[in-house]
Structure formats: C-alpha cells, structure tokens
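Working notes, beginning with the structure itself.
Just so it is clear, none of the values below were taken in a lab; they were calculated from the coordinates. Just so it is clear, the structure is predicted and the values come from calculations on it, not from any experiment. Every residue, glycine as well, gets a Cβ built from its backbone with ideal geometry; the counts of neighbours run over all protein chains shown.
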Amino acid sequence: MSKKYYSTKVTAIGGQVADFISAAKMIIMFEDSMALPELRDACVMHSGNSLQDMIKPGDIYKIGNEEFKIIKVGSEVQKNLMNLGHITVKFDGGAGEVLEGSLHVEDKPVPEIKVGDELSICRAAEEIADGTWLGLKGKTAVVTGAASGIGKAVAQAFLDNGANVVVCDLNPNEPEFHTTETSGKVKYVVTNVTDAGSVNEMVKTAVDTFGKIDVVVNNAGINIP
Ligand SMILES: NC(=O)c1ccc[n+]([C@@H]2O[C@H](COP(=O)([O-])OP(=O)(O)OC[C@H]3O[C@@H](n4cnc5c(N)ncnc54)[C@H](O)[C@@H]3O)[C@@H](O)[C@H]2O)c1
C-alpha cells in the first residue's frame with residue numbers, strides 16, 4: 001500500500017487552466033483562500049495545505065486516480081505548498097530547467113480536472129517496504145549501548161529501514177534483532193566506549209565489515225542514581 005502524505009480537493013478552476021494544460025503542459029495550484037483575484041483565472045484552486053512529509057523524486061503526484069511519477073522537485077516547492085498551497089506542476093518529464101516553485105512530473109496526457117477531484121502526493125509502496133524513503137538503505141549506523149533499552153530499539157529501527165547496524169556494547173551477550181529480506185545487516189562488536197583503544201577497534205571492524213560509517217548514535221551510558 002502506498003502512503004498518501006498530501007491530499008486536497010479542487011474547489012474551483014480558472015478559465016485559462018485548460019489552455020495552460022494543452023499549450024504548456026502545466027497546472028498552477030493555489031489554496032483557495034490564498035489565491036489573489038488577479039491570479040485565479042490561471043489557477044486550480046483547492047482546499048488544503050496539510051503536507052505531512054518531504055516531497056522527493058520517485059514519489060507520485062495524483063490527479064484523481066491518474067498517477068504521475070515525480071521526477072524533480074524545485075527548491076521552494078515544499079515551503080510553498082505548505083504555506084500557500086501554491087506550486088506549479090509541470091508535466092515535462094523533468095526535461096529542461098528545474099524551476100524553484102515547480103514540481104516536475106512524468107510527461108504523459110493530463111486528464112481533465114474537475115471541481116471535487118482529489119489532488120494528492122504519495123510515496124510508492126515498494127519504497128516504504130525497503131526503507132529507501134528515509135535514505136537509509138545501504139547506509140551504516142553505529143549504535144553504542146545497543147544491547148538493550150533505547151539503543152536496541154534505535155538499532156532495530158535502523159535495520160527496519162534498510163541500514164546496516166554496528167551494535168556496540170559492553171555486554172558480551174549478543175542481542176537478538178528481527179530481520180526481514182529488506183532489513184540491513186547486523187555486526188555485533190563488544191566495545192567499551194570509555195576506552196579509546198576499544199572504540200578504535202570497533203571503528204576498524206565497522207569499516208572492514210560495511211566499508212564505511214554514515215551515522216553514529218552515541219547512546220551508551222549508565223544511570224547514576
Ligand atoms: N531510560 C531513560 O529514562 C533515560 C533517561 C535519560 C537518559 N537516558 C540515557 O539513554 C541511554 C540509554 O538508556 P537505556 O534506558 O536504554 O539504558 P540501558 O541500561 O537499558 O542500556 C544502556 C546500554 O549501554 C551499555 N553500556 C553502558 N556502558 C557502556 C560502555 N562504557 N560502553 C558500551 N556500552 C555501554 C549497557 O551495557 C546497556 O546495554 C543511556 O545513555 C542513558 O543514560 C535514559
């Protein structure tokens with residue numbers, strides 16, 4: 001199942017919208033209450049700005065049930081959609097210049113847009129399943145104090161999202177983690193974070209095992225009452 005993280009309903013359609021679609025393969029979205037009178041003729045007005053994730057290439061822009069893969073995301077798109085419900089959607093396949101307020105999506109025929117239609121943005125199901133949407137797939141995270149408690153939960157979350165995890169702990173008992181086909185891999189290294197030699201050994205083992213370290217979660221610690 002894909003994750004829908006933005007949804008809005010079309011409330012009004014400006015008189016020039018059909019021409020923009022046929023001549024320039026683009027639509028201009030504006031949240032209804034934000035659209036200035038002189039701009040309304042050019043815009044698709046809609047009801048909502050509640051954007052609950054970062055828009056990124058590979059996600060899906062939808063007009064009703066019609067899907068368009070997002071190819072490029074202008075630098076102001078996230079902010080403008082949240083603040084004004086205002087972006088330009090260009091159905092250009094990402095060809096040409098990336099404009100800061102534009103979402104560039106797949107180049108294919110644009111359906112007629114009607115009042116009441118849903119416009120939405122989703123993350124593809126396979127990206128959720130393999131963790132790529134967090135950008136952690138293939139990354140290496142070192143989590144100290146990961147044999148129990150918070151550290152163990154953090155290590156599990158990295159694994160679930162496709163990262164390889166170096167589990168470091170004083171505790172010599174190797175903790176158990178749930179793994180699936182899409183999880184990262186675990187390397188357990190007995191480490192004392194108060195001992196520089198032990199930490200150096202752990203870093204060497206981490207790099208020998210996974211090639212690099214991308215993230216360190218410095219969690220090990222003790223509670224002194
Ligand atoms: N649990 C809380 O309410 C709470 C509140 C504030 C801060 N913290 C801090 O969060 C961190 C995790 O807390 P937790 O509740 O999961 O604790 P925890 O005791 O369940 O886990 C801590 C882990 O760190 C390991 N560890 C301790 N000293 C180490 C060392 N020198 N080298 C390597 N590993 C070492 C322990 O073996 C243990 O597995 C700790 O730093 C703790 O001080 C926890």
Provide Rg and Dmax in Å for the chain, with only Cα atoms included in the calculation.
23.5, 71
Rg over Rh, two decimals, the stretch 61-127 (C-alpha only, Kirkwood Rh):
0.95
With no solvent and one point per C-alpha, what does the Debye sum give as log10 I(q)/I(0) for the stretch 92-140 at q = 0.24, 0.26 Å⁻¹?
-1.02, -1.03
Tell me the label-point distance for the pair residue 212, residue 173, using the 7 Å Cα-to-Cβ offset, in nm and rounded to one decimal.
3.7
When the Karplus curve 6.51 cos²θ - 1.76 cosθ + 1.60 is applied with θ = phi - 60°, which whole-Hz ³J(HN,Hα) does each residue of the stretch 24-35 get, with x for Gly and Pro?
10, 6, 8, 10, 10, 9, 9, 5, 3, 6, 9, 6
Computed on Cα atoms only, the convex hull of the stretch 3-130 has an orientation-averaged projected area in nm² of 7.2
For the stretch 132-217, report the % of Cα-Cα distances exceeding 20 Å.
25
